[in-house]
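Reading through the structure tokens given below for one structure.
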Amino acid sequence: MKIYVPLDSAAVALGADAVAEAIVTEAARRGVTIELVRNGSHGMVWLEPLVEIATDAGRIGIGPMTVADVPALFGGIARHPKALGLVENLPWMKGQTRLTFARVGVIDPLSLADYRAHGGMVGLDRAKAMSKAEIVAEVTESGLRGRGGAGFPTGIKWKTVSEAPGERKYIVCNADEGDSATFADRMLMEGDPFTLIEGMAIAGLATGAAKGFVYIRSEYPVAIRIMEAAVRLAREAAILGAQFDIEIRVGAGAYVCGEETSLLNSLEGKRGVVRAKPPLPALEGFMGKPTVVNNVISLASVPVILAKGAAHYKDFGLGRSRGTIPLQIAGNVRFGGLYETAFGLTLGQIVDDIAGGTATGRPVKAVQVGGPLGAYHPRSDFATPFGYEEFAGQGGLIGHAGLTIFDDSADMLAQARFAMEFCAIESCGKCTPCRIGAVRGVETIDRIAKGDAAAIPLLTDLCSTMKSGSLCALGGFTPYPVLSALTHFPDDFTPAKEAAE
Amino acid sequence: MKDFIIPDRDFGTPAAKSKRMVTLTIDGFDVTVPEGTSIMRAAAEAGIQVPKLCATDSVDAFGSCRLCLVEIEGRNGTPASCTTPVAPGLKVQTQNARLKQLRRGVMELYISDHPLDCLTCSANGDCELQDMAGAVGLRDVRYDAVDTHFKVKNTSGEANPLYIPRDDSNPYFSYDPQKCIVCSRCVRACEEVQGTFALTIEGRGFDSRVSFGAKTDDALASDCVSCGACVAACPTATLQEKSIVEIGTPSHSVITTCAYCGVGCSFKAEMRGDELVRMTPYKHGKANRGHSCVKGRFAYGYASHKDRILKPMIREAISDPWQEVSWAEAMEFAAAKMKGIQTKYGRNSVGVITSSRCTNEETYLVQKLTRAVFMNNNTDTCARVCHSPTGYGLGQTFGTSAGTQDFDSVEEADVIMVIGANPSAAHPVFASRMKKRLRKGAQLIVVDPRRTETVEGPHYKAAHHLALTPGTNVAVVSAIAHVIVTEGLFDEAFIRERCDWDEFQDYAEFIAAPNHSPEAVEILTGVPAEEVRKAARLYATGGNAAIYYGLGVTEHSQGSTTVIGIANLAMLTGNVGRRGVGVNPLRGQNNVQGSCDMGSFPHELPGYRHVKNPDVRAIYENLWGVTIEACTARVRTSCNPIPTRTTSRRGWRRWNV
Ligand SMILES: Cc1cc2nc3c(=O)[nH]c(=O)nc-3n(C[C@H](O)[C@H](O)[C@H](O)COP(=O)(O)O)c2cc1C
Ligand code: SF4
Ligand code: SF4
Ligand code: SF4
Ligand code: FES
């Protein structure tokens, strides 16, 4: 009997380890031999821990599992009260286009054999037969853009590094994933680490870099463990080694260290403060050498591009947003989790159809897209298709594709204040608009809350100073959530509200 | 040489070194500057001052204050002009309504966290924050600041946890955190200019504060060496000389030279009336380029010390008290006494010694007095001790008794060999400039028995430390030459073109003998042979290689020989005759070169021309109208024996570069 219990952090947080232990005990008690595989998560967080049992027909899902549900597993799966049928047939799964996440949840994350059996290493093998320029051209042609937030074309970044003079170059994978409501990087590293390793190795071939770093936030102990194990296995299998090797580094808990230049400072052992650009990291990055800094998902999307060809990847998407994007749906939501799909679904389709509205059942008031620096979108923005330019057109951004959903009880002034407070806490403190501005922002919103209407123009002035004046996007984008809350939900900012309550 | 206390113009960012020129348009004016120049500096060169606070041209651009934002046609946003380099054809606007609004917005934030006590502030009139508030036209601060760093008590009357009291622990300057704008200029100056890394920014966001290391450290307990670079860089009253706090801001200044070490830093003596208020390193000083060490910067108490002799005094005998007299009387007295001694004891019974802190004019006149008036060659100089081996050694090898480079040259060195010197202690400003280069990747070889701070310090470490037994300089230098010759690392083209190939072959045969090998001399020198070999290879093949040597070479019985050996190394490897290389003595005083050039040694007339040579004497005899004594003095003040004739001199004496 082959049983899958996810090792994914979300599943573990919901009790997966206890369930796994109970399964082992129960099987021993019954004298049943089982093969227990700790896999990644399929991304349906409301069903976690989602246990799967391999059958001839496919993998049957049972969830959300508790320890009490374990004995029933051994009495005929189909009759289990929490049986969900074939996981691949669940509507959440069927609707997706899984290119980057194709293997996540499916394979044993630390089995290279499993990895290869599911199409792994095809991309790297193909890249090995190509020239640097050809690999770069393939990635450029695919239309892949950075999934870390800024959406910069990955191929162009690689080209800059590839053509930069210098013997030593580096590939740095940004796995700091600090945005609220995002977890795609973690799920990928926990569920299919070899994809990231393969993507980085291809980046190494394309640029001539011999060394890569994965900078993982300290809050991801499982991802760190799995990545370290995977790197070891890849070394043993000579996938990594003299030609290209990877080192895992752990962050120290600063959101701003997800910003690429702060990340590089942190990697070098310095204070995690933002560096002015230019020089671009692509020319003077880690230790002053040409460096590719890419998000986990950007790098993990490369193997499939190489394996299936740029045209296949590019075929998905809309406008200048090509390929697929792993949406991360969270907040006050009925169905939360990871949903990989081609660009182009509207915000309304995502929130109402896929996520099923709020968990409380109350109307959706706002959706924050793109993490703590993303705008709050009201229902009137729901026709906006999911794409970089499309969201920019609505005064927003897609960032790392995290969506946080709020029902009508949300106080948008409090959310605006939270945005400023977040910026004040997480600011690296280098530039004035962010260092002092965020603190004054909180104070000014407090004045508005107390009914000081004169403080509203001061807040908008402050936001324009922060937006155009800040050195990096932390201070520069904090005005998005603040101003979107103020613009779309002015009632929450009027003194009348205070008086009425 | 007086100038008014308008601070030297600050171009915002250091000058770019590229030879390629770029033309762009700033506010409608065409400006041509070297590639790599910042837009801010290009604007400054065109006479356009872009508002700035975090930039200053002694340190690299940082981009933190966000006052210097500009617009560039065809580019998004408002890039900072200090961190954005010029590019051909750029069209830059430094002033318009949007930029004005932005700068006011930034300034309003600054002032919301700054005490408004300008009138009683010690930096009043000498504060860049004040200047910038004026420049951007800030008229109003609309924030009701709750959190500040300057209020002792917060709005509810409790002690403000963000308030940090003034740190007066350093004897020369104070640190007053309530006035700090966290521009990091001090931190960067301590790192980039001085290389001590005593300062850091502690905390994040609004909690970011300048700190002398750990939270518990005050300035005195920290690694700070009181060089004053941070104080010079600070745009506000936060880091300030205590003398300014006590006396007030200066009204004018005089350019002068530091009276301490052999670096010879230029200073501005900043005055208020006749009172010296502070000494600030002079930006245009060629030795120091605006940097200094604690001695010149703060230890200037001698300038007005009560022990200073301000009037001529005489006394008949050592047992008599000093008597103040007029200049005329003093001169007559001295002349009569000298004459009397000569009459009684003979012409050679008097002599002079000058200091190498004297100017060229002074030392010239004193040796002339000796030769033309006392009619003997009994002149000597304190540089006898530190410099005569250099004078002799380099004179023999290069034909001129001078070091080959200026101090700027170290910025272009790739390998730096320091022999018998500890510049960190004895030539601190040169050490800072050298360490800056080392932090950029130049390699260091130290030949010194001691493991000094020059061997290893913040962010640099010698690739090779040849910790030789004292007295074995010649053996080590010869062993290095042995490796270069036997391993074929010499620069044949250079030797053929610039030296004497036949003499080289003679020398090569001699130095290649096994008794000069690192292995053979190891027992004498105590330096592992392999280390010597590696150091030799690095010196010969690591790019521009420069040798800096000090009194550990010259103040030894084999001083001249070692200097000759050092010159040989440079010639062997082609490391003479361009920037970034050379043979560089680090001297004991700031005018060693000049005082020797002027003829302060007994055997040399000005210009190192031997007094025994009748043609040379004839020149001065004609000029001065006297007969010059052909013998050198019998009374020698020297402690430096005649250089021993040893190995490495062979065959190299007539090489000219
Ligand atoms: C405050 C801030 C935080 C960021 N955090 C992350 C992060 O956690 N992960 C990430 O991949 N990119 C993050 N970024 C974006 C990176 O700076 C950078 O654009 C990205 O790593 C580039 O990779 P990509 O081109 O593959 O997206 C952040 C940016 C800012 C301004
Ligand atoms: S915007 Fe904030 S986080 Fe970014 S550089 Fe400025 S202070 Fe640092
Ligand atoms: S005085 Fe010099 S050493 Fe001390 S903190 Fe300032 S720059 Fe650093
Ligand atoms: S002490 Fe002066 S130089 Fe240092 S950060 Fe504060 S204001 Fe800037
Ligand atoms: S002077 Fe350019 S950002 Fe401060």
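Some notes on this structure:
- Top-ranked residue of the stretch B:324-374 - restricted to ones that are open to solvent by 70 Å² or more (accessible area, probe 1.4 Å) and in contact with a strand residue (DSSP E or B) (Cβ under 6 Å, 6 or more places away or on another chain), ranked as farthest from B:L623 (Cα to Cα): B:E324
- Sole residue being more than 20 Å from A:V292 (Cβ to Cβ), among the polar types (S, T, N, Q) and open to solvent by 10 Å² or more (accessible area, probe 1.4 Å), chosen from A:S266, A:S218: A:S218
- Top-ranked residue of the stretch A:9-47 - restricted to ones that are part of a helix (DSSP H, G or I) and polar (S, T, N, Q), ranked as farthest from A:E340 (Cα to Cα): A:T25
- Evaluated against (1) touching a Ser or Thr at 6+ places or on another chain (Cβ under 7 Å); (2) under 25 Å from A:I350 (Cβ atoms), A:R320 falls short on exactly one condition, (1).
- Selected residue (criterion: nearest to the other protein chains (Cβ to nearest Cβ)) from residues of the stretch B:125-143 that are charged (D, E, K, R) and farther than 13 Å from B:K179 by Cα: B:R142
- Qualifying residue in the stretch B:294-312 (condition: within 30 Å of B:P171 (Cβ to Cβ) and touching a His at 6+ places or on another chain (Cβ under 9 Å)): no
- When residues of the stretch B:112-124 are limited to those that are away from every other protein chain (no Cβ under 14 Å) and in a loop (DSSP other than H, G, I, E, B), the one most open to solvent (accessible area, probe 1.4 Å): B:L116
- For the residues B:R278, B:R315, the requirement of being of a type outside the set (F, W, Y), surrounded by 21 or more Cβ atoms within 10 Å (Cβ to Cβ) and free of Cβ contacts under 8 Å to residues at least 40 places away in the same chain singles out B:R278.
- Scope the stretch A:381-395; condition small (G, A, S) and either surrounded by fewer than 21 Cβ atoms within 10 Å (Cβ to Cβ) or at pLDDT below 95 (or both); matching residues: A:A383, A:A392, A:G393, A:G395
- Among the conditions (1) surrounded by fewer than 16 Cβ atoms within 10 Å (Cβ to Cβ); (2) over 30 Å from A:S142 (Cβ atoms); (3) without any contact (Cβ under 8 Å) to a residue 12 or more places away in the chain, the only one that A:P91 does not satisfy is (2).
- Evaluating B:V225 against the criteria (1) at pLDDT 95 or above; (2) within 15 Å of ligand 4 (Cβ to nearest atom) leaves one unmet condition, (2).
- For the stretch A:264-275, the count of residues that are at positive phi, away from ligand 3 (no atom under 16 Å from the Cβ) and free of Cβ contacts under 8 Å to residues at least 60 places away in the same chain is at least one.
- Filtered residues of the stretch A:360-380 (kept if surrounded by fewer than 24 Cβ atoms within 10 Å (Cβ to Cβ) and assigned to a loop (DSSP other than H, G, I, E, B)): A:T360, A:G361, A:R362, A:P363, A:P378
- Any chance B:R166 is of a type outside the set (A, V, I, L, M), out of contact with any Ser or Thr (no Cβ under 8 Å at 6 or more places or on another chain), within 13 Å of ligand 4 (Cβ to nearest atom) and closer than 18 Å to B:G213 by Cα: no
- Close pairs from the stretch A:206-229: first closer than 28 Å to A:M130 by Cα, partner assigned to a strand (DSSP E or B) and aromatic (F, W, Y), Cβ under 6 Å, at least 6 apart: A:A209/A:Y170; A:K211/A:Y170
The values are calculated or read from the model by the stated rules, or taken from the named source; none is laboratory data. Computed from a prediction, not measured in an experiment: that's the story for all the values here. A quick note on method: Cβ atoms are made from the backbone with ideal geometry, for glycine too, and the neighbour counts reach across all protein chains shown. Heavy atoms of the whole protein, side chains included, go into the accessibility calculation; ligands, DNA and RNA do not. Shrake-Rupley method; radii C 1.70, N 1.55, O 1.52, S 1.80 Å.
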